[in-house]
Amino acid sequence: MAMAIALVVIVVASVLFHFLSPWWATPLASNWKQMDDTLTITLVITGIFFIVINLFLGYMVWRFRHDAPRQDGQRGHRADYHPENRKLEIWLTVGTALGVMALLAPGLFVYADYVRPPRDAMVMEVVGQQWQWAFRFPGKSGQLGTSDPRFVSGANPLGLNPDDPRGQDNIVINGPEVHVPLHRPIKVLLRSKDVLHDFYVPPFRARMNMVPGMVTSFWFTPTQAGRFEILCAQLCGVGHYNMRGMVVVEDQAAYDAWLAKQPTFAMTLAKAAAPPAPAGAAGGAAAGADAVLVEKGHALAQSKGCAGCHSVDGNAGVGPTWKGLFGKTETFSDGSSAPVDDAFLKEEITDPQARLVKGFGPVMPKIPLTDDELSALMAYIRAQGSGEGAGIAPAAAPAGAPAPAGTTSQAAPAASGTYTTSNAAVVPASASPKAATK
């Protein structure tokens, strides 16, 4: 009797929790209402089965309990043995098949539309890397250039082919925030540089796996203006929870103004390759060289994945924040401490497992860096400000280190399982982000 009552209570509590729960789907902000409809169908079908099966089981437990009264007035009942029941088996087989079809069919139809974008959809590429996002749009030509891991460097974190003329006007967004126009269909191309990721924006009801070695895609049309958070929906490592970004949906005019301020691939290559601006005084020349070094360090922090763990705004992440780091004293897990100078940074970057900063785990991998890349990365960390003990002077660059340049580095080998996009994605001219919406 107690088991039968427990089953009934579980059913009633589950139904009440479903309808009274404060955790509901976020408001819809795209054209994919079919996603909500499919989820509703799934919940209704599984809910009916859950209620019927558990109530039936509770009734059976009560009706055929061991001390149930019999027609002859005695108590207790011995079960009859029926090894087969063809009629029951047929009903169960047919019913299960129909239930599975009812669950799968709507989703198959919706998915077929989900991966078949309209002809006039604009194109946006999303690139995932532990633990950050980057984006790319075609330029006026309406084409995306080719990409390959061998081209990845500090100046070219997305691995675009510098010899492909179709990619020179591509607009590159090396940051977690991207803007898109309102009420315009967008075809999203996705690729991963390292491990399995999943691009997910809950209000858009849009998500897709990003598989190393291939390009996946889907499309959506944003229907609500605002800021919507990007999440990674695959467990991609210790910094998974911190792999976030932002999609800003705005009107076409605001989007065009934002897009016009973003650099093209050709501009980023030219900026990385440009020598420091000449200056009359030695101090001015040094300042120019430092600025180039810091800029290269910033690019390296993005391309090597450092920005996924180390913030520059003071917020703690998977690793210590770089804001105000240089010059302060860090305490290690064994109780010892050391000032953060160039020697400290070099040791922590080249051998991150040797000493662990207190409060952080042994999660940072060894990252291959050349001497000039190491100098640039340390210069970028120094540029984020100094903490206590700011009188520490930065060390000189390693002797014989080549001058900072935006050329492809030999220290960016393709990690196992990285992507390769061998063909350009050619799209109609209307797919260019700047094409006017009719």
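The values are calculated or read from the model by the stated rules, or taken from the named source; none is laboratory data. What you are looking at is a predicted structure, and each value in this text was computed from that prediction instead of being measured. Here the Cβ positions follow ideal geometry from the backbone for every residue, glycine too, while neighbour counts run over all protein chains shown.
For the reader, a short list of remarks on this structure follows.
- Residue tally, condition surrounded by 14 or more Cβ atoms within 10 Å (Cβ to Cβ) and not polar (S, T, N, Q), over segment 11-46: 8
- Top-ranked residue in segment 326-356 [being buried (at least 16 other Cβ atoms within 10 Å of the Cβ) and of a type in the set (Val, Ile, Thr); ranked as nearest to Asp372 (Cα to Cα)]: Ile349
- Segment 181-224: number of residues that are in a strand (DSSP E or B) and touching a residue at least 24 places away in the same chain (Cβ under 8 Å): 23
- Applying the criterion of being in contact with a helix residue (DSSP H, G or I) (Cβ under 8 Å, 6 or more places away or on another chain) and either surrounded by fewer than 19 Cβ atoms within 10 Å (Cβ to Cβ) or of a type in the set (D, E, K, R) (or both) to the residues of segment 249-273, the residue that is modelled with the highest pLDDT is Glu250.
- All positions within segment 186-202 that are within 17 Å of Asp36 (Cα to Cα) and buried (at least 20 other Cβ atoms within 10 Å of the Cβ): Val201
- The lone criterion from (1) within 30 Å of Arg119 (Cβ to Cβ); (2) in contact (Cβ under 8 Å) with a residue 24 or more places away in the chain; (3) of a type in the set (Gly, Ala, Ser) left unmet by Gly237 is number (1).
- Pairs where the first residue, in segment 349-378, is assigned by TED's automatic domain parsing to the domain that holds Cys309 and the second is exposed (fewer than 12 other Cβ atoms within 10 Å of the Cβ) and among the charged types (D, E, K, R), C-beta under 7 Å, 6+ apart: Pro352/Lys366
- Residues (under 15 Å from Pro222 (Cβ atoms) and either among the β-branched types (Val, Ile, Thr) or part of a loop (DSSP other than H, G, I, E, B) (or both)) located in segment 124-146: Val126
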